[in-house]
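Structure first, then comments.
What follows is calculated from the coordinates using simple rules that are stated; it is not laboratory data. Remember, predicted model here, so these are calculated numbers, not experimental data. Using ideal geometry, Cβ is built from the backbone for each residue, glycine included, and neighbour counts are taken over all protein chains shown.
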């Protein structure tokens, strides 16, 4: 039953008091109409609980703005949610259209830093190699909007959207991302279910990463990272001690990345959170370690670029060539499919924080 305004309602009781569901919750399709964002389609979700978020239809069905009762959850970069027609795919061009938001998807055939690798699998001699830019192409691909809306399931009301994002090339890869995003009226979390399918005839490499970006006020001085792990590895010459405690932004700050070996719950789920105890507020994610075995944490505590990303990934930070050498690079044959699940939510009070912290500790104790 929907939990709204500190009360629980049956479907009949709620509908007796409103003219239509959109009075309290719903999904609405709009189009942004100014600046570099002009033309970008957005699905606005309102759960009625205080949780609201935008699905960026024309940016891989990613999550842009996300708020809870006026508290921002996702970080937004100075770039904004730029139309994919401005994409610069080579080198660090990803950063020119990296608007942040709660979720930026990376892939489908490449993630992490730019590199060059064989393209022999596509049997096109004029192009023996492929150049891959930072984090691949998928976040700059528009989706085909399949469906969206509200559906009552007994006394529960589901809000959902489904889209398909194609990454394809003549004489190259043909990969299809099918994404379903849903929440429920009264909920404080959303769920993402993805499938990536090789719908082409060629064996195709596959890499996948959820770039989940948290900003102020979730990220602030004193905020803690709760993660079920005992071993953390810095990906650079900086200390690991104290990295789970955040500081004030600095004018000059160099990004820091930490890999970790997750300790999972019984079904493989891994609960991770950022907690601002001064506000009694936090945000969390739950992913599956069998789907995404190489998670890492990105700390970028600079002024303006004040963001921490929790990033479950199919591959290590060392990237594509390292994955190939380790025989960890996923190769999808024609028709092969991979599924991924991600839960993103908020911890709206001290009790929710305590319960989630106990969940993390339980995962660590096995």
* Structure fact -> If each part is reduced to its alpha-carbon centroid, the range 48-100 and the range 147-218 end up apart, in Å, by 15 Å
* Over the range 226-347, what relative contact order in percent results from Cα pairs under 8 Å that are six or more residues apart? -> 25 percent
* Asked: Sorted by average packing, counted as other Cβ atoms within 10 angstrom per residue and highest first, what order do 295-305, 355-365 take?
  -> 295-305, 355-365
* Asked: Hey, what did the range 3-365 get for relative contact order, percent, Cα under 8 Å, at least 6 apart?
  -> 15 percent
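As a check on your grasp of the helix formula, calculate [θ] at 222 nm for the chain: sum -39500 (n - 2.57) over DSSP H runs of n ≥ 4, divide by the residue count, round to the nearest 500. Don't jump to the answer; show the numbers that get you there.
On the way: 3 runs with 28 residues, N = 366.
Counting only the DSSP helices, I get -2000 deg cm²/dmol.
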* Can you check how the C-alpha radius of gyration of the range 1-113 compares to 2.2 N^0.38 Å, as a plain ratio? => 1.31
* Structure fact -> Expressed in µm² per second, the diffusion coefficient of the range 181-321 from the Stokes-Einstein equation, with Rh the Kirkwood radius over alpha carbon pairs, at 20 °C and 1.002 mPa s, is 130 µm²/s
* Structure fact -> Log10 I(q)/I(0) at q = 0.12 Å⁻¹ for the chain, from Debye over equal alpha-carbon scatterers, is -0.91
